[in-house]
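The values are calculated or read from the model by the stated rules, or taken from the named source; none is laboratory data. Quantities reported herein were computed from a predicted structural model and do not represent experimental measurements. Glycine also receives a Cβ, built like all others from the backbone with ideal geometry; neighbour counts cover every protein chain displayed.
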Amino acid sequence: MYTFLLAVHNLLRWIVLVLLIVALVRAYWGWFGKRQWTHADGRVGTFYSISLDIQLLIGLILYIALSPLTRVAFSDFSAAWSNPDLRFFVFEHLLVMILAVIFAHVGVAMAKRAEEDVQKHRLAALWFTLSLLAILVAMPWFRPLLPGL
């Protein structure tokens, strides 16, 4: 089960990134092009935040129940903190990715509440950019696409 969920988690990151890029392009294009906010603009942001929610759920299942890394870390926090790879997965990755999810949801909510179309695009662009930056910092780029490869 661990290997399967880790593979799903690893593959889903690319879907999340594609949805994020689409959401960012639409937001910046709408902001600087002074375009009207469309139903599709809102849907892309919503799909992006939903994909992040699914990714977070799978990550939490791995973190809490299945990961051998967290078992090792929970048995000795000071040793985990002094090991950069273990610290990354047990502390840094989790916290920064939660921030990325929060930024995405704030962007969706603020865009919905804004009154003017350009303001909707601007708010979505800014919050989704913060989400992107958090993801880029916390994504384990050095991990293979599938475990064992």
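Here the helices (runs of 4 or more DSSP H) wholly within segment 64-149 that include at least 2 residues being within 30 Å of Ala40 (Cβ to Cβ) are 93-113, 117-138. Of everything in segment 9-42 that's touching a Gly at 6+ places or on another chain (Cβ under 7 Å) and part of a helix (DSSP H, G or I), which residue is farthest from Leu126 (Cα to Cα)? Once the filter is applied, the top-ranked residue is His9.
Okay, residues lined up against (1) modelled with pLDDT of 95 or more; (2) over 22 Å from Ala7 (Cα atoms):
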{"position": "Pro84", "(1), (2)": "no, yes"}
{"position": "Val108", "(1), (2)": "yes, yes"}
{"position": "His121", "(1), (2)": "yes, yes"}
{"position": "Ala124", "(1), (2)": "yes, yes"}
{"position": "Thr129", "(1), (2)": "yes, yes"}
{"position": "Pro140", "(1), (2)": "no, no"}
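Out of curiosity, is Ala79 buried (at least 19 other Cβ atoms within 10 Å of the Cβ) and either in contact with a helix residue (DSSP H, G or I) (Cβ under 9 Å, 6 or more places away or on another chain) or small (Gly, Ala, Ser) (or both)? The answer is no for Ala79. When Gly45 is tested against (1) surrounded by fewer than 17 Cβ atoms within 10 Å (Cβ to Cβ); (2) closer than 30 Å to Arg122 by Cα; (3) not β-branched (Val, Ile, Thr), only condition (1) is not met.
You will find that of Leu57, Leu69, the residue that is surrounded by 13 or more Cβ atoms within 10 Å (Cβ to Cβ) and either of a type in the set (A, V, I, L, M, F, W, C) or within 27 Å of Thr129 (Cβ to Cβ) (or both) is Leu69 and no other.
Look at segment 1-12: where a residue is closer than 13 Å to Leu52 by Cα, no partner that is modelled with pLDDT under 90 and in a helix (DSSP H, G or I) sits 6+ places away or on another chain with Cβ atoms under 7 Å. For segment 5-49, a residue qualifies if it is aromatic (Phe, Trp, Tyr) and modelled with pLDDT of 95 or more, and the qualifying residues are Tyr28, Trp29, Trp31, Phe32, Trp37, Phe47, Tyr48.
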